[in-house]
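The values are calculated or read from the model by the stated rules, or taken from the named source; none is laboratory data. Bear in mind that the values here come from a model prediction, so they are computed numbers and not experimental data. Cβ: placed from backbone, ideal geometry, glycine included. Neighbour counts: every protein chain shown. For the accessible areas, the whole protein counts, side chains as well, though only heavy atoms, and no ligand, DNA or RNA atoms are used. Shrake-Rupley method; radii C 1.70, N 1.55, O 1.52, S 1.80 Å.
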Amino acid sequence: MDTIAVVLKQPQHVELSRLALTAPTADDVVVDVAWSGVSTGTERLLWSGRMPPFPGMGYPLVPGYESVGEVV
């Protein structure tokens, strides 16, 4: 199972990439995301290269953690 995602590879450089997904289990909900918000705080700092060091936040990064979609 895979998906196409916007990936922030480095400051001011994004690209579409095919990413492998972990297969869902019986305990998971699969959502077909139609829209995703991008943070004007954290993700903007990553885009500009001004994000201070923070655990788990670095490149490459798939931005957008506020999503709208349909449970499939």
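If you scan segment 16-53, which residues turn out to be open to solvent by 70 Å² or more (accessible area, probe 1.4 Å) and of a type in the set (D, E)?
D27, D28, D32 - these are the residues of segment 16-53 that are open to solvent by 70 Å² or more (accessible area, probe 1.4 Å) and of a type in the set (D, E).
Using the structure shown, decide if A5 is surrounded by 10 or more Cβ atoms within 10 Å (Cβ to Cβ), part of a strand (DSSP E or B) and modelled with pLDDT of 90 or more.
Against the criterion (surrounded by 10 or more Cβ atoms within 10 Å (Cβ to Cβ), part of a strand (DSSP E or B) and modelled with pLDDT of 90 or more), A5 qualifies.
Let's see how each residue does on (1) assigned to a loop (DSSP other than H, G, I, E, B); (2) without any contact (Cβ under 8 Å) to a residue 12 or more places away in the chain:
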position: A23; (1), (2): yes, no
position: V29; (1), (2): yes, no
position: D32; (1), (2): no, no
position: W35; (1), (2): no, no
position: S39; (1), (2): yes, no
position: E43; (1), (2): no, no
position: L46; (1), (2): no, no
position: P52; (1), (2): yes, yes
position: Y59; (1), (2): yes, no
